[in-house]
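Below is one structure; the comments refer to it alone.
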Amino acid sequence: MAITKTQRNAIVAIIGAGVLAGAALLFTGRGAGDSHDEAGHDHGEQASAPRGKENSKDARAGAPATPAADRIAMTPEQIRNAGLELRTAGPGRVQAAVQFPGEIRFNEDRTAHVVPRVAGVAESVPAVLGQRVKKGELLAVLASTQLSDQRSELLAAQRRLELARTTYAREKRLWEDKISAEQDYLAARTALQEAEIAVQNATQKLTAIGARPASGGLNQFELRAPFDGIVVEKHLALGEAVAADTTVFTISDLTTVWAEFLIAPKDLSQVRLGEKVSIASTAFDGTAAGTVSYVGSLLGQQTRTATARVTLSNPDMAWRPGLFVTVSVAGQETEVPVVVESEAVQTEGRQPMVYVEVPGGFEARAVTTGRSDDKRIEIVQGLAPGARYVARNCFVLKAEQGKAGAEHAH
């Protein structure tokens, strides 16, 4: 088929336009790739330069630098104003204490469960719960038929004794004047001795139940406090009938109390009579010192533990029975590689921390603690000997750290 001149020119024009379009597209793609590579290369060099400087700085310091967010920046003047006391961690002696849970109880040697010792009915009950009473102070008055019989017996014995004395005096005078026989004199003397015995017997019966020989009424029994103390229990009301062995009052002298605690068999060797202990309670800040006054010889069948106690002086009534306490028994002193002051160890959650001096301020360093006493704590891990740490007023740094953390969160 023959192609005309016009058709041939159109085909050449189309091919030429296609070649030019392909060349333009190829040139444009290569130029963009080169620009991207150059830009990526430039950014890589810019990003790697600061990191290299930082790594070289850390390498010169010999340890990773403390991040600025974890550092508590403080000037020397701020340190002085805050009253921060710096010390150097190092070896020391720690007198480790063994702690036992305990409870304050009544001193059973100074606690009385008061019973009337005679059956009766309460006519008056002047004592009230919680009242301080003195020895011999009236607690209650009971009407008792038993007491009436005993007082009547005493009165009858006293009258017989008076008659026996008169008879004896007369018979003795007659016998001395040779008027009556010696047999009458001896009989009168025997009757007098029997009457004296009867009076003594009746008096002792009243004394045994705490009743006085003379009273306003033969049947009135006055129940009185056995010693100075506080009425801690009361089980008697006006008009109530009670048996002879009913506990109507409990009186305890709270100027001394017992701190009782339980000892597991593995710890028995660390608690001995006369051992010094420290008593503390979470209910208030007070502490008390004492010595172990009793260690049980037997283990409880249920708990398999031994009971021990400390007798505490309690003049201010601060140690109340029922209060839970912690009893710390002092152990032997031990030399440890790293110790810090007890106040230096703070907690964040459950993690112990020590504030360590770093360039420009302080940082909180997590530590693992070991043995401790009231003054020092062993640091097992997290703090090397020679490190400078804050020993006093650490709460200032803890507050600053909390403030910085809140600002960072926002």
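Some points to look at:
- Among the residues of segment 375-410, the one identified as charged (D, E, K, R), closer than 16 Å to Val358 by Cα and at pLDDT 85 or above is Arg388.
- Tyr185 fulfils the conditions (1) at pLDDT below 90; (2) loosely packed, with under 14 Cβ neighbours inside 10 Å; (3) of a type outside the set (Val, Ile, Thr) except for a single criterion, (2).
Here is a yes/no grid of residues against (1) surrounded by 17 or more Cβ atoms within 10 Å (Cβ to Cβ); (2) under 19 Å from Lys234 (Cβ atoms); (3) under 32 Å from the mean Cα position of the chain (by Cα):
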position: Pro91; (1), (2), (3): no, no, yes
position: Phe106; (1), (2), (3): yes, yes, yes
position: Ser144; (1), (2), (3): yes, no, no
position: Arg151; (1), (2), (3): yes, no, no
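- Just one of the listed residues (Leu174, Leu161) is assigned by TED's automatic domain parsing to the domain that holds Ala195, touching a helix residue (DSSP H, G or I) at 6+ places or on another chain (Cβ under 7 Å) and among the aliphatic types (A, V, I, L, M), and it is Leu161.
- Filtered by the rule that a residue be assigned to a strand (DSSP E or B) and either surrounded by fewer than 17 Cβ atoms within 10 Å (Cβ to Cβ) or among the basic types (Lys, Arg) (or both), segment 312-325 gives Ser313, Phe324.
- Taken as a whole, the structure leaves Ala237 outside the set of residues that are in contact with a strand residue (DSSP E or B) (Cβ under 6 Å, 6 or more places away or on another chain) and assigned to a loop (DSSP other than H, G, I, E, B).
- Whenever a residue of segment 360-372 is acidic (Asp, Glu), its partners that are in a loop (DSSP other than H, G, I, E, B), lying with C-beta atoms within less than 8 angstrom and at least six residues away or across chains, give the pairs Glu363/Thr66.
- Test: residue in segment 290-299 that is within 29 Å of Arg93 (Cα to Cα) and among the small types (Gly, Ala, Ser): yes
- Residue list for segment 188-220, restricted to those being loosely packed, with under 15 Cβ neighbours inside 10 Å, assigned to a helix (DSSP H, G or I) and among the hydrophobic types (A, V, I, L, M, F, W, C): Ile197, Ala208
- Annotation for segment 181-199: no member residue is among the basic types (Lys, Arg) and within 60 Å of the chain's Cα centre (by Cα).
- Test: residue in segment 244-260 that is in a loop (DSSP other than H, G, I, E, B) and over 30 Å from Val125 (Cα atoms): no
- Conditions (1) at negative phi; (2) surrounded by fewer than 18 Cβ atoms within 10 Å (Cβ to Cβ); number of the one not met by Arg304: (1)
- Selected residue [more than 24 Å from the chain's Cα centre (by Cα) and under 30 Å from Gly274 (Cβ atoms)] from Val367, Val336, Val358: Val336
- Which listed residue is closer than 30 Å to Ser313 by Cα, of a type outside the set (Lys, Arg), surrounded by 14 or more Cβ atoms within 10 Å (Cβ to Cβ) and modelled with pLDDT under 95, from Gly136, Gly102: Gly102
- For segment 279-299, a residue qualifies if it is among the aromatic types (Phe, Trp, Tyr) and part of a loop (DSSP other than H, G, I, E, B), and exactly one does: Phe284.
The values are calculated or read from the model by the stated rules, or taken from the named source; none is laboratory data. None of the values given here were measured: they were computed from a predicted structure. As a convention, Cβ positions derive from the backbone with ideal geometry for all residues, glycine included, and neighbour counts pool all protein chains shown.
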